[in-house]
1. Assess whether VAL87 counts as being outside any loop (DSSP other than H, G, I, E, B), surrounded by 14 or more Cβ atoms within 10 Å (Cβ to Cβ), out of contact with any strand residue (DSSP E or B) (no Cβ under 8 Å at 6 or more places or on another chain) and in contact (Cβ under 8 Å) with a residue 60 or more places away in the chain.
2. Which condition breaks for GLN80 when tested against (1) touching a Pro at 6+ places or on another chain (Cβ under 7 Å); (2) more than 18 Å from ILE155 (Cβ to Cβ); (3) at pLDDT 90 or above?
3. Filter the range 132-164 down to residues that are of a type in the set (Gly, Ala, Ser) and in a helix (DSSP H, G or I) and give me whichever is nearest to the chain's Cα centre (by Cα).
4. Among the residues of the range 183-199, is there at least one that is within 30 Å of the chain's Cα centre (by Cα) and at pLDDT 50 or above?
5. Can you find a residue in the range 101-113 that is exposed (fewer than 13 other Cβ atoms within 10 Å of the Cβ) and either among the polar types (S, T, N, Q) or modelled with pLDDT under 80 (or both)?
Amino acid sequence: SVTKLQALGGRLASLVKQRMQMYNSPYQRVTDCVRAVWRNEGAGAFYRSYTTQLTMNIPFQAIHFMTYEFLQEQLNPHRQYNPGSHVVSGACAGAVAAAATTPLDVCKTLLNTQESLALSSNISGHITGMANAFRTVYQVGGVTAYFRGVQARVIYQMPSTFCSILTAPSYSRMVQLPAPGTREMGSGSGSGRRGPAWPGHPGSMQGGG
């Protein structure tokens, strides 16, 4: 599925980014980080957080779209083309989904960075697996540790989600992609070409009759 491919493909970039962002990171370049991780921890280190990432993506997307649809019902019940409602609904939906999945993101970050304080409390030497990461986070910082960085995560996700939601209908309106319910030239008696049936579009069939 797309979710699995996204999670798998993003592991290398995510691990390198987080290790370079750590305080007092020894890495100056991406290649230095990749070589050091490969040499010291092996290829498996790049995919330690794969299961956690996949587990996080599924509830994130579910919460995001359920919240978005709920807010659209409140702000834009007739589903007219309304960029303002897309922005508000998308941003709020992204914030809720980001906050709800922060514990999984904290565990993913720990698996990627193998932070020294956490490693010192782990007998096995390396933190592997989502269950191990959850236990280690609790041992190091208690329940509140699961929500460290929640504000930054929400601030990051809000513009990201509303931009992605806003772009799709805007692009489709711009390029005039065919949509269900449209009729092409000559497909009916006396009818010309009709535009896509996007809500609020002049050629939309919504509200007809």
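1. yes
2. (3)
3. Per the criteria, the residue is SER160.
4. Narrowing the range 183-199 to residues within 30 Å of the chain's Cα centre (by Cα): 196-199.
Now narrow it down to the ones that are at pLDDT 50 or above: none.
Within the range 183-199 (the criterion being within 30 Å of the chain's Cα centre (by Cα) and at pLDDT 50 or above), the answer is no, since none of the residues qualifies.
5. No, the range 101-113 contains no residue that is exposed (fewer than 13 other Cβ atoms within 10 Å of the Cβ) and either among the polar types (S, T, N, Q) or modelled with pLDDT under 80 (or both).
Conditions tested, residue by residue: (1) in contact with a Ser or Thr (Cβ under 6 Å, 6 or more places away or on another chain); (2) part of a helix (DSSP H, G or I); (3) surrounded by fewer than 17 Cβ atoms within 10 Å (Cβ to Cβ).
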position: TYR27; (1), (2), (3): no, no, no
position: ARG39; (1), (2), (3): no, yes, yes
position: THR52; (1), (2), (3): no, yes, no
position: PHE60; (1), (2), (3): yes, yes, no
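Residues checked against (1) under 14 Å from THR113 (Cα atoms); (2) among the aliphatic types (A, V, I, L, M); (3) at pLDDT below 75:
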{"residue": "THR3", "(1), (2), (3)": "no, no, yes"}
{"residue": "LEU12", "(1), (2), (3)": "yes, yes, yes"}
{"residue": "SER25", "(1), (2), (3)": "yes, no, no"}
{"residue": "ASP32", "(1), (2), (3)": "no, no, no"}
{"residue": "ASN40", "(1), (2), (3)": "yes, no, no"}
{"residue": "TYR47", "(1), (2), (3)": "yes, no, no"}
{"residue": "TYR50", "(1), (2), (3)": "yes, no, no"}
{"residue": "ASN57", "(1), (2), (3)": "no, no, no"}
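The values are calculated or read from the model by the stated rules, or taken from the named source; none is laboratory data. Quantities reported herein were computed from a predicted structural model and do not represent experimental measurements. We place every Cβ from the backbone using ideal geometry, glycine too, and count neighbours over all the protein chains shown.
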